[in-house]
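The values are calculated or read from the model by the stated rules, or taken from the named source; none is laboratory data. In this text, all values refer to a predicted model and were calculated from it rather than measured experimentally. Glycine also receives a Cβ, built like all others from the backbone with ideal geometry; neighbour counts cover every protein chain displayed. Surface accessibility is based on the protein's heavy atoms, side chains included, excluding ligands, DNA and RNA. Shrake-Rupley method; radii C 1.70, N 1.55, O 1.52, S 1.80 Å.
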Amino acid sequence: MKLFIDTANVEYIREIASYGIICGVTTNPTLIAKEGRDFKEVIKEITQLVDGPISGEVIGLTADAMIEEGREIAKIHPNMVVKIPMTGEGLKAVKTLSSENIKTNVTLVFSVNQALFAALAGATYVSPFVGRLEDTLHEGAEVVSDIRNMFDFYNLNTEIISASIRSPKQLADSARAGAHIATVPYEVLKKSLIHPLTDQGIETFIKDWGKVFGNRSTK
Ligand code: G3P
């Protein structure tokens, strides 16, 4: 499974990109608004940090508005992916943009049927929202796994981005469920990096070494 970071914060992206674990970035209107910066300016900076798919979301609700915005987003950089909400108007926009070879990420997907429709319309990616599904007592990872089975069974080459990941467990569950990609917020990536047994292990190794060879530099 590939990893994307789900943020519009360039400092977070810079730090996590330096670990060599992410190959893409997703943003949404909430994440851009949180940074309080100009959309194009932030997106351009992100394209300098990560050489992979960068999702930028449309705001319009009609197909025509989404198509117009989508074309503008696609012009920013060749790695841009246009994020479009899963509605009838959104599907029309996906159909048009994909016929122009513009990559799309259909977002706010909560069911197998929605994922099927997005794939048939020509979406490059679909984003099931694992965390929000679990907020409403659904099994987020089960939806991801059902979508994966359906895509494989019918040879649909749309990729699944497990989104709305709120915990390390939801990240691991997404990997087990067969998501092609998980897009993960900074805080969840940081939490997923650590394990108390790793820290304890390092402490013991240093102590044991020190008993025989003296303290080694911790630099
Ligand atoms: O990628 C979609 C994600 O940003 C939504 O996350 O936590 O607002 O459900 P959340």
Give the long-range amide H neighbours of Lys83: residues separated by 5 or more places, or on another chain, with amide H under 5 Å away, using H modelled in the peptide plane at 1.01 Å from N. Gly56, Glu57, Val58, Asn105
So how strong a dipole does region 41-101 carry about its Cα centre when Lys and Arg Cβ are +1 and Asp and Glu Cβ are -1, to the nearest 20 debye? 180
Could you give the spread of the C-alpha atoms of the chain along their three principal axes, from largest to smallest, in whole angstroms? 71, 38, 29
Say each of His195 and Arg14 gets a label point 7 Å from the Cα, pointing the same way as Cα to Cβ; how far apart are those two points in nm? 3.1
So with the 1.4 Å probe, I'd like the accessible area per residue for the chain, rounded to whole Å². 54
If you place +1 on the Cβ of every Lys and Arg and -1 on the Cβ of every Asp and Glu, how big does the dipole about the Cα centre of region 1-114 come out, in debye to the nearest 20? 260
Take each of the peptides 192-205, 116-129, 136-149, average the number of other beta-carbon atoms within 10 Å over its residues, and list them starting from the highest. 116-129, 136-149, 192-205
Place a label point 7 angstrom from the Cα of Arg71 along the Cα-to-Cβ direction, then list the residues of region 84-105 whose backbone nitrogen is under 20 Å away. 84-85, 89-105
Mind checking the full-extension length gain between Leu61 and Phe205? Use 0.36 nm per residue of separation minus the Cα-Cα distance, one decimal, nm. 46.1 nm
Whole-number D in µm² s⁻¹ for region 117-219, Kirkwood Cα-pair radius fed into Stokes-Einstein, 37 °C, 0.692 mPa s: 204
